[in-house]
Amino acid sequence: MTISKELLDELLKGCERPEDLLGDAGLMKELKIKLMERMLGAELTAHLGYEEGKDAPADQANRRNGSSVKRLKGQDGELPIAVPRDRDGSFEPELVKKGQTRIDGMDDKIIGLYAAGLTVRDIRTHLEDVYGLQVSPDLISRVTDAVLDEVREWQSRALERMYPIVIFDALRVKIRDADSRIDLPLFSGPLVNRVCSPFVCHHSAA
């Protein structure tokens, strides 16, 4: 899908600072919320069989029944999403499932930190410092308990007999190129039982 230049210009009106676009109350976060709410509304339309604002079929008892606010935690912090409801409670959204409280792979982040040996307290501190998320110890425990066997298996896995390690060193040298002098890194890398010949990288470091 291609977004037109005119639409981008309209969206970016009033964005003068980085925080206007990427901040906690910025355009990107607001746009994400609005798009998710629009998709949830489309899911409910498909479930009920009639468009919002139109009359429901006369023989259909299930109708739209307002919405409830669900606060999802993700990389963008907390996202308050208005999730539409139906009268008989049969609507099961796919985008944001019932009982779901996290998006953007938050479970994977928790599992990765736990597998690295961090405690529940360490994980809470890391998520709050890096992502601005306040996650309860109970939530972390429920996530890690769900994959505890896999995590323990990974932590106790057998190590390989040998791991190859490659070490590179660089010496910056000045080289004349036409009428200018440029800095280039001269790399050397030791190999097993011998040292490789130095080679010049033709991309100067920033």
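The values are calculated or read from the model by the stated rules, or taken from the named source; none is laboratory data. Quick caveat, the model's predicted, so the values are computed rather than measured. Note that we place each Cβ from the backbone using ideal geometry, even for glycine, and neighbour counts take in every protein chain shown.
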Of all residues in region 6-46 being within 17 Å of PRO84 (Cβ to Cβ) and of a type outside the set (A, V, I, L, M, F, W, C), which is farthest from the chain's Cα centre (by Cα)? THR45
Look at ARG152 and say whether it is surrounded by fewer than 10 Cβ atoms within 10 Å (Cβ to Cβ) and modelled with pLDDT under 75. no
Tally, over region 1-44, of residues that are part of a helix (DSSP H, G or I) and touching a Lys or Arg at 6+ places or on another chain (Cβ under 9 Å): 2
Which condition number in (1) within 28 Å of VAL135 (Cα to Cα); (2) surrounded by 11 or more Cβ atoms within 10 Å (Cβ to Cβ) is the one that VAL69 fails? (2)
Quick check on region 62-79: of everything there that is outside any strand (DSSP E or B) and at pLDDT 90 or above, which residue is nearest to TYR50 (Cα to Cα)? ARG63
Hey, does region 47-61 have a residue that's surrounded by 12 or more Cβ atoms within 10 Å (Cβ to Cβ), closer than 13 Å to ILE81 by Cα and out of contact with any Pro (no Cβ under 6 Å at 6 or more places or on another chain)? no
Within region 159-171, can one find any residue that is at pLDDT 75 or above, surrounded by 10 or more Cβ atoms within 10 Å (Cβ to Cβ), assigned to a strand (DSSP E or B) and touching a Phe, Trp or Tyr at 6+ places or on another chain (Cβ under 6 Å)? yes
Test result for GLU92, farther than 30 Å from GLY23 by Cα and touching a Ser or Thr at 6+ places or on another chain (Cβ under 8 Å): no
Evaluate the following for LEU118: is it out of contact with any strand residue (DSSP E or B) (no Cβ under 8 Å at 6 or more places or on another chain), assigned to a loop (DSSP other than H, G, I, E, B) and either touching a residue at least 60 places away in the same chain (Cβ under 8 Å) or within 18 Å of VAL135 (Cα to Cα) (or both)? yes
Mind counting the residues in region 172-206 that are part of a loop (DSSP other than H, G, I, E, B) and either at pLDDT below 75 or surrounded by 10 or more Cβ atoms within 10 Å (Cβ to Cβ) (or both)? 13
